[in-house]
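Undergrad: My questions will all concern the structure given below.
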Amino acid sequence: MRPLDGITVVSLEHAIAAPFCTRQLADLGARVIKVERPKVGDFARGYDERVDGLSSHFAWTNRSKESLALDLKHREAPAILGKLLGQADVLVQNLAPGAADRLGLSYAALSQRYPAMVVCDISGYGSDGPYRDKKAYDLLIQAESGFVSITGTPDSPAKAGCSIADIAAGMYAYSNILAALLQRGRSAKGAHIDVSMLESMVEWMGYPLYYAFDGATPPPRAGASHATIFPYGPFTAGDGKTIILGLQNEREWDAFCRVVLERPELTTDERFVSNSLRTQSRAALTDIITAVFSALSIEAVIERLERAQIANARMNDMRDVWNHPQLKARERWTSVPSPVGIIPALLPPGTPQSFAPRMDAIPALGQHSERILLELGYTADDVVRLSAEGAI
């Protein structure tokens, strides 16, 4: 038995934040019914065709779901949604600002009909305030939250290489829904969850915010290096491959000089006797490290770092990650069906050994429309008629 077996989630979702949240719920056994626009569907279906014709974003966030194609503006859509929500425990939506309210799907309206329902609204800026109606995409929230201002190089700010603002909001939605379901088990009452991408990202910005407390200078952009600790970041070995290493204290600095650089005299060099001084003299220290590493392969550099017990990592590309020996050794890869065939999928991190996560198919658009409508009491003739009218 999975933790969320018997829980039904209806999701009016698109892009990443809400689909990522509901996929986590599906992993734990929830039945997730994804309501999509007929013919078009979740617009993330069209982001690319990298997975044998399937969108990479969609493949990532939509396994183990059922797809109901439904035109929310069709005259019969409110009745269909009403019947669907009557069987649901959770509603998740990240429609455009104000759209859910116009459809009668606000928590104020739904709580009167379904007092035990958990309603989770995910938006860029939240349900009120001056930015409530402002459009919000992942990159825009990365910028608005200050993340871009501290990421990149001194000459050029940069965004994260993955949808970090969407992921943050999706995970806060997921954890809050789990908490609301636990609370409902005690009180029998539902809850309203209002998740903002901005607030999710600002929470993750806690360190740089406090570093810049009370008008202090914020951490500088340092590329893949650490802004305030050195040496901590990427260095190139003699074979052109990149190693990333990090030192945290003076004991490690001593071991780094003796074992890795084979330059024990550097431990007493007045330019490098503290982290603050090493950070100020990072250009000179970089030249020394680069000169040593240029004569070594990455394997030789790693051997010295391991012997000195210095934290290190290869800078892997995507091919390296697909073939990562640690993931292979821990048997973290499985596979799921999809509209384009069987594709690999990573098992959910941290799954308890007491149950197997749900790893079902990625749905085709509208794949489950007929079955869901029949469950709701519609007839086969109704399904044919609704299809002909473009409702599903």
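Undergrad: Per residue of the range 307-316, what does 6.51 cos²θ - 1.76 cosθ + 1.60 with θ = phi - 60° give for ³J(HN,Hα)? Whole Hz please, x for Gly and Pro, Karplus curve as stated.
TA: Values per residue, Gly and Pro as x: 5, 8, 6, 9, 4, 7, 7, 6, 8, 6 Hz.
Undergrad: Place the peptides 172-179, 329-336 in order of packing, highest mean first, counting for every residue the other Cβ atoms within 10 Å and averaging per peptide.
TA: 172-179, 329-336
Undergrad: What is the Rg over Rh value, at two decimals, for the range 275-387, using alpha-carbon atoms and the Kirkwood definition of Rh?
TA: Result for the range 275-387 is an Rg/Rh of 1.30.
Undergrad: Counting only DSSP beta bridges with both residues in the range 99-215, tell me the antiparallel percent, nearest 5.
TA: Counting only bridges with both partners in the range 99-215, antiparallel ones make up about 25 percent.
Undergrad: Between the range 215-238 and the range 109-129, how many Å separate their Cα centres?
TA: Cα centroid of the range 215-238 versus Cα centroid of the range 109-129: 42 Å apart.
Undergrad: Right, next: Kindly write out, for the range 329-338 in residue order, the coupling ³J(HN,Hα) from the Karplus curve 6.51 cos²θ - 1.76 cosθ + 1.60 (θ = phi - 60°), rounded to whole Hz, with x marking Gly and Pro.
TA: 5, 8, 6, 8, 9, 9, 9, 9, x, 7
Undergrad: Order by neighbour count: CYS21, CYS120, CYS162, CYS257, fewest other Cβ atoms within 10 Å first, most last.
TA: CYS162, CYS257, CYS120, CYS21
Undergrad: What list do you get for LYS65, LYS241, LYS73 if you sort them by fewest beta carbons within 10 Å?
TA: Final ranking by Cβ density, sparse to dense: LYS73, LYS241, LYS65.
Undergrad: Can you tell me the length gained on complete extension of the stretch LEU209 to THR286, counting 0.36 nm per residue apart and subtracting the Cα distance?
TA: Result for the pair: 24.9 nm of gain on full extension.
Undergrad: Fewest Cβ neighbours within 10 Å first, please rank ASP52, ASP27, ASP381, ASP254 accordingly.
TA: Placing the least packed residue first, the sequence is ASP381, ASP52, ASP254, ASP27.
Undergrad: Where does the charge balance sit around ALA100 when Lys and Arg score +1, Asp and Glu -1, over other residues with C-beta under 12 Å from its C-beta? Provide the component values of the computation, followed by the final result.
TA: Details: positive: ARG102; negative: GLU13, ASP101, ASP121, ASP194.
Residues close to ALA100 contribute a combined charge of -3.
Undergrad: Report P(r) for the range 126-235: all Cα-Cα distances, bin width 10 Å, range 0 to the bin holding the largest distance, values in whole percent.
TA: Reading the bins upward from 0: 13, 34, 30, 15, 7, 1.
Undergrad: What percent antiparallel are the DSSP beta bridges of the chain, to the nearest 5?
TA: 40 percent
Undergrad: What value, in deg cm²/dmol to 500, does the helix sum -39500 (n - 2.57) over DSSP H runs of n ≥ 4 give at 222 nm once divided by the residues of the chain? Can you show the working numbers first?
TA: On the way: 17 runs with 143 residues, N = 392.
That comes out to -10000 deg cm²/dmol.
Undergrad: Taking amide hydrogens as modeled 1.01 Å from N in the peptide plane, which residues meet the under 5 Å criterion relative to ILE7, leaving out close sequence neighbours?
TA: ARG31
Undergrad: Taking Rh as the Kirkwood radius computed over C-alpha pairs, what is the Stokes-Einstein D of the chain at 20 °C in a medium of viscosity 1.002 mPa s, expressed in µm² per second?
TA: Value of D from the Cα-based Kirkwood radius: 89 µm²/s.
Undergrad: Computed over the Cα atoms of the range 232-314, what is the convex hull's projected area averaged over all directions, in nm²?
TA: It is 4.5 nm².
Undergrad: Give me the number: length gained by fully extending MET171 to TRP333, i.e. 0.36 nm times residue separation minus the C-alpha to C-alpha distance, one decimal in nm.
TA: Once the chain is fully extended between MET171 and TRP333, it gains 56.2 nm.
Undergrad: Apply the Karplus parameterisation 6.51 cos²θ - 1.76 cosθ + 1.60, with θ equal to phi minus 60°, to every residue of the range 135-147 and state each ³J(HN,Hα) to the nearest whole Hz, in sequence, with x for glycine and proline.
TA: 5, 9, 10, 3, 4, 5, 6, 4, 6, 5, 7, x, 4
Undergrad: Amide H neighbours of ALA222 under 5 Å, counting only residues 5+ apart in sequence or on other chains, H built in-plane at 1.01 Å?
TA: Under 5 Å from the amide H of ALA222: GLY152.
Throughout, read-outs are computed from the coordinates displayed, never taken from laboratory work. None of these values were measured; they are calculated from a predicted model. No Cβ is skipped: glycine too gets one built from the backbone with ideal geometry, and neighbour counts run over all protein chains shown.
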